[in-house]
Every structure is written in C-alpha cells, then in structure tokens.
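K.L.:
Please read through the structure below; I'll follow up with questions.
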Amino acid sequence: ALGLATPISVIVGVGKAAEIGLIIRRSEALQRASNITTIVLDKTGTISEGQPKVIDIIASEPFSKDSILTLAASIEKASEHPLAAAIVAAAHKYQLQLSTITQFESITGQGVKGRVNKKTILLGNKQLMATNGIALNTITTQVSTFSEQGQTPLYLAVNDQLAGLICVSDPIREDAIAAIKRLRQLSISVAMLTGDNAETAKAIAEKIGIDTFCANVSPKDKAIYINKLQRQGEVVGMTGDGINDAPALAQADVGFAIGSGTDIAIETADITLLRSSLHSLSDAIELSRATLRNIKQNLLGAFAYNALGIPIAAGILFPFSGILLNPVIAGAAMALSSVTVVTNANRLKLFKPSQELPL
Ligand code: ADP
Ligand code: MG
C-alpha cells in the first residue's frame with residue numbers, strides 16, 4: 001500500500017486531467033502545479049483569441065490600400081503567426097491577387113521579411129522598423145489611437161521606405177476576465193508578457209484587470225523574466241501558444257500550452273490546455289492540489305495501517321493478552337490496505353472543474 005500510495009493517485013489524477021481537457025506530458029507537472037504562486041500569460045493567442053482581424057489600412061502615397069494589403073498578404077502567406085492569417089484572410093476577402101515571395105524570413109517577436117515583385121518588403125512592429133533603419137513618417141501619427149484601443153498596428157516598408165500601416169485587432173477571450181479573477185481567488189498572482197507594443201499591452205491589461213505586464217519582450221526576454229521571478233522565490237506557471245513562448249515555457253516550473261497553439265509550444269509545455277479557456281489553468285491547479293492531498297491521505301493511511309498491522313501480525317500483543325493474528329487474516333488485511341489506497345485514489349475521479357465547458 002505504501003508503494004502504491006503516490007503512483008496510484010498520480011495515475012488517477014492524470015487520467016482525470018485528460019477527461020477535463022488537460023493533457024499532462026510529465027506527471028511531475030501535476031504535482032508541481034499545486035505550488036504555483038504566479039501565472040504568467042502571453043497576450044496574443046493566449047489572452048486574446050488568436051483570431052485577429054484587419055480593422056484598418058493606412059497607405060502612404062503612392063501606395064493604395066489594396067497594394068499595401070496585397071504586398072502584406074503575399075509575404076504573410078509564408079508565416080504561421082496568427083497576425084499573418086488575419087492579413088491573408090483580409091486579402092482573400094477583397095479578392096486580391098497575391099504575388100510569389102522569395103527569401104522569406106521570419107523574425108520571431110518582430111515580424112517578417114521577404115522579396116515580392118523585386119521589392120524588399122518588411123512587415124512587423126516598430127522594433128522591426130528600428131532594427132532595419134526605416135524612418136517613420138506622418139502616417140504613424142494614428143498609431144497611438146489604435147494602440148490605446150488595444151489594437152496592434154503593423155508597419156509595412158517597401159525598399160526601406162515606410163509605405164503603410166495595417167491595423168489588426170484580436171478580441172480577448174470571452175472568459176479571460178473571469179478566469180483571471182478565479183486565479184486570484186486561489187491566491188495566485190497574474191502577469192502578462194507580450195512582444196506587442198506598450199500601449200496595446202496596457203490597454204489589454206487594464207481591460208482584463210492585470211496590473212503587472214511587460215511589453216516589447218523578445219522570446220529570450222520572456223524566459224529571463226520568468227527566471228527573475230523564480231529567483232525571487234516564486235513558483236511560476238507560464239502559459240503561451242507561440243514559438244516565441246517556447247523558451248519561457250521551458251524555463252517555467254510548469255509550462256501550459258494553449259491547445260490551438262503551435263506545435264513547438266505544445267512540445268515544450270508540461271501541460272496542454274485542450275479547451276481554449278484560461279479557466280483550465282485554475283482547473284489544473286485545483287486538480288493538482290486535490291491530487292497532492294490524496295497522495296498525503298494515502299501515505300498517512302498506509303503508514304498508520306502498516307505501523308499497527310505488522311507488529312500485531314508479528315505477535316506484539318501475545319505476551320500481554322495472548323492475541324495472535326491468524327496468517328490468513330493478516331494476508332487478507334495486507335491486500336485490503338492496497339484496496340483502500342486504490343479506492344481513495346479513485347475518489348479523485350469525482351473532481352469537478354468549476355466550469356463545465358465543452359471540449
Ligand atoms: P505575443 O508575445 O503577444 O504572442 P509575438 O511575440 O508573437 O506576440 O509578436 C510580437 C509582435 O511582433 C506582434 O505584435 C507583431 O507586431 C510582430 N509580429 C510577429 N510576427 C509577425 C508576423 N508574422 N507579421 C507581422 N507582425 C508580426
Ligand atoms: Mg502568442
């Protein structure tokens with residue numbers, strides 16, 4: 001029974017987790033999740049739905065809105081980023097004819113680069129423009145209005161000249177606010193990390209009630225941020241969906257990947273959230289705490305049982321009271337202790353996630 005106490009609870013816990021949409025790759029993660037003190041959330045694709053839409057396009061002379069969108073979509077066809085999908089979808093909607101792209105390059109956390117119609121195209125955030133020495137011009141005056149509304153402005157440069165802006169909006173997940181509140185009720189602090197710009201990050205953070213956030217962070221910085229928390233004694237659970245979250249997912253004590261996220265995020269994470277809801281984080285932590293409690297009950301029960309049963313079977317009571325345990329009964333009692341442990345572990349199957357969500 002002592003040998004069974006821990007593994008049986010973990011097995012039942014991992015099985016229950018799968019039933020409520022939590023795929024656990026490493027079973028230690030189920031135990032570690034109970035100690036989490038801080039949850040760090042990525043913004044794009046984690047707090048937001050990851051299904052952004054093009055809201056507005058601003059073109060700088062001599063470019064037209066259509067030509068900006070055509071160039072952008074031609075290059076984004078080759079990217080896996082959720083923002084890329086939005087741009088390609090918008091181009092399809094307006095039935096634009098896309099061109100072929102050569103020398104495609106993806107700069108993680110900044111944007112994309114490539115050659116279309118013999119022109120060098122850069123598309124991404126402000127940092128991408130800065131690292132490539134692209135001067136900003138008057139069309140960027142509208143950028144802060146977009147950002148303050150929580151939208152993401154993307155800059156498009158053609159042959160090293162800023163040619164246009166594409167404004168993309170990615171709605172936040174419907175239940176994000178409630179899910180974050182629930183994490184707080186479990187005494188867990190919540191922080192947000194994003195490669196997006198500071199104004200957009202601030203707007204989103206305010207909307208969902210997070211006061212700790214970091215914007216403009218590179219994939220490496222995300223991992224460094226988590227390491228810093230860990231050195232302050234925090235046990236960190238990182239949640240992300242993208243290739244840019246992989247280093248942070250690996251660094252965290254427990255990595256959670258959004259099920260609809262990229263393969264790399266899922267490969268790196270300890271736990272995959274199949275239901276695309278942040279409520280799954282609280283479910284995972286609550287189930288983890290329940291599993292740990294169950295392990296302790298099992299260990300205590302099995303220990304007490306053996307501590308009493310073995311000396312009695314060995315005849316410790318005989319000199320005083322003449323009581324001897326029949327070996328048949330002792331053997332049955334031995335088996336019964338294992339049954340008790342297994343039965344207690346099976347109680348974990350009764351665990352209910354507090355939100356019944358469809359898978
Ligand atoms: P997050 O950390 O919020 O998930 P990312 O690190 O994936 O965001 O991206 C950070 C920023 O880099 C985006 O907000 C966008 O401005 C830019 N970016 C990244 N990939 C692309 C892409 N394929 N096309 C355009 N911009 C991109
Ligand atoms: Mg992301």
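Every read-out reported here was derived from the displayed coordinates using simple, explicitly stated rules and does not represent laboratory data. Computed from a predicted model, the values in this text were never measured in an experiment. FYI the Cβ positions are ideal-geometry reconstructions off the backbone, even for glycines, and counts take in every protein chain you see.
K.L.:
Which Cα, out of I87, A290, N137, lies furthest along the positive dipole direction of the chain (beta carbon charges, K/R +1, D/E -1)?
P.N.:
Among I87, A290, N137, the one farthest towards the positive end of the dipole of the chain is A290.
K.L.:
Count charges around Q230 for me, please; just the other residues with Cβ under 14 Å from its Cβ, Lys/Arg as +1, Asp/Glu as -1.
P.N.:
Combined, the nearby Lys, Arg, Asp and Glu give +2.
K.L.:
Okay, moving on. Restricting to Cα pairs below 8 Å that are 6+ residues apart, what does the relative contact order work out to for the chain? Please round to a whole percent.
P.N.:
Taking the mean separation of contacting Cα pairs over the length of the chain, I get 24 percent.
K.L.:
If you don't mind, there's one more thing I want to ask. Under a straight-distance cross-link criterion of Cα-Cα below 16 Å, which lysines are reachable from K349, leaving out those fewer than 8 residues away in the same chain?
P.N.:
K16
K.L.:
Estimate the FRET efficiency between E105 and Q51 by the formula 1/(1 + (r/R0)^6), using the beta-carbon distance for r and 25 Å for R0, to the nearest 0.05.
P.N.:
0.50
K.L.:
Hey, what D do you get for region 173-253 in µm²/s if you plug the Kirkwood alpha-carbon radius into Stokes-Einstein at 20 °C and 1.002 mPa s?
P.N.:
D, rounded to a whole number, is 163 µm²/s.
K.L.:
Can you give me the distance in nm between label points at R26 and A332, each placed 7 Å from the Cα along the Cα-to-Cβ direction?
P.N.:
For the pair R26/A332, the computed spacing is 4.6 nm.
K.L.:
For region 179-218, with only Lys/Arg (+1) and Asp/Glu (-1) charged at the beta-carbon, what is the dipole magnitude about the Cα centre, in debye rounded to 20?
P.N.:
For region 179-218, the charge dipole is close to 260 debye.
K.L.:
If a helix is a whole DSSP H run, which ones in the chain reach 20 Å or further along their own axis (Cα) and hold a mean Kyte-Doolittle hydropathy of at least 0.5?
P.N.:
2-19, 327-346
K.L.:
Name the residue from T343, Q127, N159 whose Cα lies farthest towards the positive end of the charge dipole of the chain, charges +1 on Cβ of Lys and Arg and -1 on Cβ of Asp and Glu.
P.N.:
Of T343, Q127, N159, it is T343.
K.L.:
Further question: Can you put I204, I329, I134 in order, fewest other beta carbons within 10 Å first?
P.N.:
The fewest-first ordering by Cβ neighbours comes to I329, I134, I204.
K.L.:
Could you give the longest part of the chain that holds none of the GluC sites (Glu not before Pro) found in DSSP loops with at most 12 neighbouring Cβ atoms within 10 Å?
P.N.:
With a cap of 12 other Cβ atoms within 10 Å, the longest stretch comes to 175-355.
K.L.:
Now, a different point. Okay, helix-only estimate at 222 nm for the chain: each DSSP H run of n ≥ 4 adds -39500 (n - 2.57), divide by all residues, round to 500 deg cm²/dmol; what do you get?
P.N.:
Per the formula, -14000 deg cm²/dmol.
K.L.:
Once both labels are modelled 7 Å past Cα along the beta-carbon direction, what's the R115-L324 spacing in nm?
P.N.:
9.5 nm
K.L.:
Another question, then. For a footprinting-style exposure proxy, rank V342, V217, V328, V254 by other Cβ within 10 Å, fewest first.
P.N.:
The order, fewest Cβ neighbours first, is V328, V342, V217, V254.
K.L.:
Out of T262, L71, S277, whose Cα points farthest toward the positive end of the dipole of the chain (charges: +1 Lys, Arg; -1 Asp, Glu; placed on Cβ)?
P.N.:
S277
K.L.:
Holding the Cα-Cα limit at 23 Å, pick out from K53/K119; K181/K207; K119/K222 the pairs that are longer than that.
P.N.:
Checking Cα-Cα distances, K53/K119; K119/K222 exceed 23 Å.
K.L.:
Rounded to the nearest angstrom and ordered from largest down, what semi-axes does the equivalent ellipsoid of region 37-96 get from its C-alpha gyration tensor (root of 5λ)?
P.N.:
Gyration-tensor ellipsoid for region 37-96: 28, 12, 10 Å.
K.L.:
What stretch of the chain, leaving out the sites themselves, is the longest with no trypsin sites (Lys or Arg not before Pro) in a DSSP loop having at most 14 other Cβ atoms within 10 Å?
P.N.:
The longest uninterrupted stretch comes out as 119-359.
K.L.:
Given Cβ point charges of +1 (Lys, Arg) and -1 (Asp, Glu) and nothing else, what value in debye, to the nearest 20, does the dipole of the chain about its Cα centre take?
P.N.:
About 680 debye.
K.L.:
Subtracting the Cα-Cα distance from 0.36 nm times the residue separation, let me have the gained length for T343 to A130 in nm, one decimal.
P.N.:
Roughly 70.5 nm would be gained on extension.
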